[in-house]
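Structure record follows, encoded as C-alpha cells.
The values are calculated or read from the model by the stated rules, or taken from the named source; none is laboratory data. Predicted model, so just to flag it, every value in this text is computed and none were measured. So basically every Cβ, Gly included, is an ideal-geometry build from the backbone, and we count neighbours across all protein chains shown.
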Amino acid sequence: MNPSTQEFKNPFRPGAGHMPPYLAGREKESQEFQRLLRQDTILENMVLTGLRGVGKTVLLDTFKPLAIEKGWFWVGTDLSESVSLNEQNVAIRLLTDMSVVTSSVVIAKEEVASFGFSREKTEVRHTLNFATLEQMYNETPGLVSDKIKNVLEIVWSCLADQDHRGLIFAYDEAQNLADHSAKEQYPLSLLLDVFQSIQKKDIPFMLVLTGLPTLFPKLVEARTFAERMFRVVFLDRLNEADSRDAILKPIESINCPVRFHDNSVDTICRVSGGYPYFIQFICREVYDVWIQKINAGEEPSVPVDEIVRKLDSDFFAGRWARATDRQRELLGVIATLENCDSEFMVQEVVERSKQRLEKPFSSSHVNQMLASLSEAGLVYKNRYGKYSFAVPLLGEFIFRQSQRTS
Ligand SMILES: Nc1ncnc2c1ncn2[C@@H]1O[C@H](COP(=O)(O)OP(=O)(O)OP(=O)(O)O)[C@@H](O)[C@H]1O
Ligand SMILES: [Mg+2]
C-alpha cells in the first residue's frame, strides 16, 4: 500500500451524536433556525424532532456556532436521564446551565483592604456564578416558577448591556421530560410556563428542544399554548442527492485509497433508505471490506446480505428483544401493511390481523398493545391518533425476521 493511503482512516461514524465526516443536506432546517435567531421578541421556539438516528443531535451541534456568531449565548444539556425530574430540579437545571456562561459576567466590584499593615486594597469581583444565582433563587419568595422567573429576569438585566442578542437553552432528548400528576410534580409544564412568561416580557431567552416524535405531542398535552410557542422541524431521511453526498464526500480526498462505483452508491442509498445512521453504518462496513479486497487484488462489491445481517444484530435486535411474543406477532401483522413505514391506524391493524392470524386482535387489544409498544420506544402515536414505527425501516427488519424463522 502506498504510505499516504495508510494515513487515511475509515472516515464514517455510525454512533449516537457522532459528527459525520460530511453533514449532508439539512440546509432548510438550518435556515429555519437562523430565521428564529433574527427574532427580537421571541414568538417562536424550536422543536427539532425525528426518528432514532436521523441526525437530531449532530444538527443541534451545528446550530451552536451559528447562534454564537450572531451574538447569542448558548447553554443546555442532554436530558436522557431526566424522566424523574421534579420542578425544583428543573429550576436548578436552568440555573446550572445558565451559570456556565454567566459566571464570567461581573455584576459588582468591591475594594477590600488587604490583610496586614499594607494600605493596598484588592478588588473583589462579584459574578453571576452558580452560587450567586442560587442565592437569588432562594431569596425570592413564592413558588418554584416565581423564583426561577425572577432569577431569569435579573440575569437578563445584567446581560442586556453586554451587547448580546439573547440566550438559547438547548435541550437534547427532551422527550424524557414529563409531568407526574400522581406526585403533583409538573416540571414540563413549569418549563413551558416560565419561558412563555419571560418571553412575554420581551426577554430574549429561546428554547430549542430536540427529541423523538413523541416530544411535541407531549408538550401540547402539558400546555395547549405549546402549539403556538414552537416551530416544529421534522427531520426526515436524506433525499437521493444528499445521501450520495453523505456517502461520497468523505472519500473524495486524493489520499483516500477507496472509490465507490456508481452502482455501489446506488445500493447503499437503497439499503440505507437515506437514513443517516444507516448510511454511516453501511459505509463504514463497505469501506473496510473494500480496503481488504483491494489489498488482496480482488474486485470489490457491496456485501449487502452480510451488512444487513450485522445491522440487524447491532441496531435492531436490542429493540426487538424488548417486545414480548404477542407484541412481535402484532408487529408482524403491522409490517405486512403497505403503509407500515408511514402511518397506520388501529382499525387497519385489526382488519389485517383477521386476515392473517388464527387468533386475531380486537381493537381494544391493539390499542393497549400499541400503548405499551410506544413505552418500549418501538412505535409512537401522532397528534391525530395514527401510529408510526419509532425506528426507521423497522418494517423491513420484521419482514426479514419472519423470513428467517419461517
Ligand atoms: N446530515 C447527515 N449526513 C450524514 N450523516 C449524518 C447526518 N446526520 C446524522 N448523521 C449520522 O447519523 C448518525 C446519527 O446521528 P444523531 O446521533 O445525531 O441522530 P439522532 O437523531 O440524534 O438519534 P437519536 O434519536 O438516537 O438520538 C451519526 O452517526 C451521524 O454521524
Ligand atoms: Mg440524539
(request) Tell me, please, whether a residue that is on the phi > 0 side of the Ramachandran plot, surrounded by fewer than 14 Cβ atoms within 10 Å (Cβ to Cβ) and not aromatic (Phe, Trp, Tyr) can be found in region 28-39. (result) no
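Do you know which of the residues in region 55-76 that are more than 9 Å from ligand 2 (Cβ to nearest atom) and part of a loop (DSSP other than H, G, I, E, B) is nearest to Asp341 (Cα to Cα)? Before the answer, list the steps.
So in region 55-76, the residues more than 9 Å from ligand 2 (Cβ to nearest atom) come out as 59, 61-76.
Now restrict to residues that are part of a loop (DSSP other than H, G, I, E, B): 70-71.
Values: Lys70: 39, Gly71: 41 Å.
Ranking the qualifying residues of region 55-76, first place goes to Lys70.
Do we have any residue at all in region 274-290 that's part of a loop (DSSP other than H, G, I, E, B) and surrounded by fewer than 18 Cβ atoms within 10 Å (Cβ to Cβ)? Spell out how you get there, then give the answer.
Step one: list which residues in region 274-290 are part of a loop (DSSP other than H, G, I, E, B), which gives 274-275.
Retained after the next criterion (residues that are surrounded by fewer than 18 Cβ atoms within 10 Å (Cβ to Cβ)): none.
So far as region 274-290 goes, no, none of its residues is part of a loop (DSSP other than H, G, I, E, B) and surrounded by fewer than 18 Cβ atoms within 10 Å (Cβ to Cβ).
Out of all the residues in region 124-160, which are outside any helix (DSSP H, G or I), surrounded by fewer than 20 Cβ atoms within 10 Å (Cβ to Cβ) and in contact with a strand residue (DSSP E or B) (Cβ under 7 Å, 6 or more places away or on another chain)?
First, the residues of region 124-160 that are outside any helix (DSSP H, G or I): 124-129, 140-143.
With the extra rule that they be surrounded by fewer than 20 Cβ atoms within 10 Å (Cβ to Cβ), the set shrinks to 124-127, 129, 140-143.
Val124, Arg125, His126, Thr127, listed by residue number.
Out of Leu238, Leu207, Leu215, I need the residue that is modelled with pLDDT under 95, of a type outside the set (Phe, Trp, Tyr) and either more than 24 Å from Glu343 (Cα to Cα) or buried (at least 21 other Cβ atoms within 10 Å of the Cβ) (or both). Which one?
Values: Leu238 fails: modelled with pLDDT under 95; Leu207 fails: modelled with pLDDT under 95.
Only one candidate passes the filter, namely Leu215.
Does region 359-374 include one or more residues that are touching a residue at least 60 places away in the same chain (Cβ under 8 Å) and crowded, with 19+ Cβ neighbours inside 10 Å? Before the answer, list the steps.
Let us first name the residues in region 359-374 that are touching a residue at least 60 places away in the same chain (Cβ under 8 Å), namely 374.
Next cut, crowded, with 19+ Cβ neighbours inside 10 Å only: none.
Taking every residue of region 359-374 in turn, none turns out to be touching a residue at least 60 places away in the same chain (Cβ under 8 Å) and crowded, with 19+ Cβ neighbours inside 10 Å.
Name the residues in region 161-175 that are more than 16 Å from ligand 2 (Cβ to nearest atom) and assigned to a strand (DSSP E or B), would you?
So the first thing to find is which residues in region 161-175 are more than 16 Å from ligand 2 (Cβ to nearest atom), and the list is 161-169.
Gly166, Leu167, Ile168, Phe169, listed by residue number.
What do you reckon, is Val47 within 28 Å of Gly395 (Cβ to Cβ), more than 11 Å from ligand 2 (Cβ to nearest atom), outside the structural domain of Ser342 (by TED's automatic domain parsing) and not in a loop (DSSP other than H, G, I, E, B)?
yes
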(request) Go through region 166-181 and give me each residue that's among the hydroxyl-bearing types (Ser, Thr, Tyr) and either within 11 Å of ligand 1 (Cβ to nearest atom) or surrounded by fewer than 21 Cβ atoms within 10 Å (Cβ to Cβ) (or both). (result) Ser181
(request) Mind listing just one residue for me: the one in region 61-79 that is under 21 Å from Ser99 (Cβ atoms) and within 12 Å of the chain's Cα centre (by Cα) and, of those, farthest from ligand 1 (Cβ to nearest atom)? (result) Thr77
(message) Of the conditions (1) surrounded by fewer than 16 Cβ atoms within 10 Å (Cβ to Cβ); (2) more than 26 Å from Phe195 (Cα to Cα); (3) at pLDDT below 95; (4) under 15 Å from the mean Cα position of the chain (by Cα), Gly53 satisfies every one except a single condition; which number is it?
(response) (1)
(message) Yes or no: region 4-13 includes at least one residue that is within 6 Å of ligand 1 (Cβ to nearest atom) and assigned to a loop (DSSP other than H, G, I, E, B).
(response) yes
(message) modelled with pLDDT under 95 and on the phi < 0 side of the Ramachandran plot: which single residue out of Arg259, Arg231, Arg223 fits that description?
(response) Arg259
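Mind telling me which of the residues Asp314, Asp341 ends up being within 19 Å of Leu51 (Cα to Cα) and assigned to a loop (DSSP other than H, G, I, E, B)? Show your work before the answer.
On the way: Asp314 fails: assigned to a loop (DSSP other than H, G, I, E, B).
None of the other options fit; the residue is Asp341.
Inspect all residues belonging to region 211-225 and state whether any of them is without any contact (Cβ under 8 Å) to a residue 24 or more places away in the chain, more than 30 Å from Gly273 (Cα to Cα) and part of a helix (DSSP H, G or I). Break it down stepwise before answering.
Pass one, region 211-225, residues without any contact (Cβ under 8 Å) to a residue 24 or more places away in the chain: 221, 224.
Subsequent filtering for residues that are more than 30 Å from Gly273 (Cα to Cα) retains 221, 224.
Those left that are additionally part of a helix (DSSP H, G or I): 221.
Yes, region 211-225 contains a residue that is without any contact (Cβ under 8 Å) to a residue 24 or more places away in the chain, more than 30 Å from Gly273 (Cα to Cα) and part of a helix (DSSP H, G or I).
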(request) Could you grab me the full set of residues in region 318-336 that are under 17 Å from Asn367 (Cα atoms) and either surrounded by 13 or more Cβ atoms within 10 Å (Cβ to Cβ) or of a type in the set (Ser, Thr, Tyr) (or both)? (result) Ala323, Thr324, Gln327, Arg328, Glu329, Leu330, Leu331, Gly332, Val333, Ile334, Ala335
(message) β-branched (Val, Ile, Thr) and within 16 Å of ligand 1 (Cβ to nearest atom): which single residue out of Val258, Val233 fits that description?
(response) Val233
(request) With the condition kept exactly as written, say whether any residue in region 37-46 is closer than 29 Å to Ala131 by Cβ, touching a Pro at 6+ places or on another chain (Cβ under 7 Å) and in contact (Cβ under 8 Å) with a residue 60 or more places away in the chain. (result) yes
